[in-house]
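These notes concern the structure reproduced below.
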Amino acid sequence: MTDFQLADVFTDGMILQRDREVSLYGSGQEGTVITCNRGTENYQAVVTNGVWQLTFPGKSKGETETIHLNSATCETVLTDVCYGDVYLLSGQSNIAFTFLENGGTYDPTALKNDVRYYTVPEVLYQDEDECIPAEVANNHWQKVDEDTVKEMSALGYYLAVYLGKQDPDVPIGFIGCYKGGTPAAAWLDEDKLQASPILDEHFLQPFQAILKNQSKAEAAQLEAEYLERLTAYQGIKEAWIAEHPDGEASVMKQEIGHTPWPPPLTYSSYQRPAGLYHTMLEHLTHCTIKAAIWYQGEEDSKNATLYDGLLAGMIEQMREMFENPSLPIFVVGLPGYLETDPESWAELRARQWQVCRETADVTLIPFIDQGESHNVHPTCKKAFGERLGYVIWQSLYQNDPVDTPHFEISRWTDTEIELVCRSTKQLTTHGDRVIVAEGQEIAYRINGNQLILTLNKPLDSFDYAYVDFPTGWLMTDEKIPVQPGRFNRP
């Protein structure tokens, strides 16, 4: 029996953050002294209150080493430890969407650098009666090749391809911590939710009532009934697709309905508040990373008016977890999608922007030009990864941060409204219904980075691409759409 254990995220073949103080940590028997040997360097930690942590300087890009960890009775050896840039990928299904699911074809020449990834085991519920299967618990770092790429985040893959083209000498490591169909509240701890009275009232208190009033037998029955409905629907869906191989998703949903959703909220539901924080995200506390990427919000469209509080809590929590108050965080703006409550996705994008523009070192990247009207999982992950890669490269490697393109009102009269986008020299139009007021399109002209609306009558407000599935938008020189907005007369 060993007297100390490493946290699961630390395995052979891992990438640690270069040029920074990095930490190793884990659990053990009280008082155990752990020595870390790195060639001529030695570091020590003592297990206190069941946990231990030691810190040492990271090496330069591309350097590798073997790390020996010893106690009085046992030894753990970490081989092929490489130093590069480590990114957290977190959120729900669209960042979890794998390279295989995306239908990608692996090109061994596309990755110019050493890319490895670790996926946090998808442990959805755990208590003293629940054991984690070994095949779930024993995840390890994997170097990307023709076989391992299949289970890698597709967005992460295309991001790595972009960064590798810019500098092939920097190894890239991804820590994936995600789960499809999850609300932000599932990733926030209780303290963050309780700190906001409205989040406490909306998420924690209803769940606490369920814990008080719902028996495990009742929960099991609800889950079984839901699984039965879901299985029946999937059978109907498969039959429809077989009968209509070229049929459109929108037609199919009109005929057979939508996937039964959401699943019931029970004591063990993966959608429960703070649930996945404890079973997945919390285990990464003290890791050293270069930046975090957050792609989530689809499941919170029904909570769109609360999303500013959820996102602000998530940003604060990440910076506390990773012990970096200025940790760069890149937020993926929701793409277009039609099958939702009217303006819920538009509202959520507005809340994303509200938080990001007010928070230092947090960048919102708009993707309203992507997405599919009847598919919540757009397959254009290459476009997502490349745009994200461009913004990260400019911001973190070239010291030239890419601001979220957005409009500011420079003039508002009864006959004209002038907007300016300061992050571009030239705007270009894509699609239709770009500017709408009172249900009608508003004529406009472009003058460099200015958008000038021509009015037939005075307006008190108008929308720019402020719909769930925009069909028109303005693009910048950098091929990034200007952030949507709803504008009111000053």
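Some points to look at:
- Of all residues making up the stretch 162-189, the number that are of a type in the set (S, T, N, Q) and crowded, with 23+ Cβ neighbours inside 10 Å: 1
- L211 closer than 20 Å to Y270 by Cβ and modelled with pLDDT under 95: yes
- Annotation: of all residues in the stretch 401-427 being outside any strand (DSSP E or B) and of a type in the set (K, R), the one that is farthest from I365 (Cα to Cα) is K425.
- From L451, L474, L459, residue being buried (at least 17 other Cβ atoms within 10 Å of the Cβ) and either of a type in the set (G, A, S) or not in a strand (DSSP E or B) (or both): L459
- So L155, is it at pLDDT below 95 and touching a Leu at 6+ places or on another chain (Cβ under 8 Å): no
- Odd one out for L230 among (1) in contact (Cβ under 8 Å) with a residue 24 or more places away in the chain; (2) in contact with a helix residue (DSSP H, G or I) (Cβ under 9 Å, 6 or more places away or on another chain); (3) among the aliphatic types (A, V, I, L, M): (2)
- Selected residue (criterion: nearest to Q483 (Cα to Cα)) from residues of the stretch 322-338 that are touching a helix residue (DSSP H, G or I) at 6+ places or on another chain (Cβ under 7 Å) and surrounded by fewer than 21 Cβ atoms within 10 Å (Cβ to Cβ): Y337
- Residues of the stretch 245-291 that turn out to be in a helix (DSSP H, G or I), in contact (Cβ under 8 Å) with a residue 60 or more places away in the chain and of a type in the set (D, E), as a count: 1
- The numbered conditions (1) closer than 23 Å to H286 by Cα; (2) of a type in the set (A, V, I, L, M); (3) loosely packed, with under 12 Cβ neighbours inside 10 Å are all true for A224 except (1).
- Within the stretch 75-103, the only residue that satisfies the criterion of being surrounded by fewer than 22 Cβ atoms within 10 Å (Cβ to Cβ), under 16 Å from the mean Cα position of the chain (by Cα) and part of a strand (DSSP E or B) is T98.
- Only listed residue being touching a His at 6+ places or on another chain (Cβ under 9 Å) and at positive phi, chosen from E323, E248: E323
- Only listed residue being touching a Ser or Thr at 6+ places or on another chain (Cβ under 9 Å) and surrounded by 20 or more Cβ atoms within 10 Å (Cβ to Cβ), chosen from I293, I289: I293
The values are calculated or read from the model by the stated rules, or taken from the named source; none is laboratory data. As the structure is a prediction and not an experimental result, all values here were calculated from the model. Cβ coordinates were reconstructed from backbone atoms using ideal geometry, including for glycine residues, and neighbour counts include every protein chain displayed.
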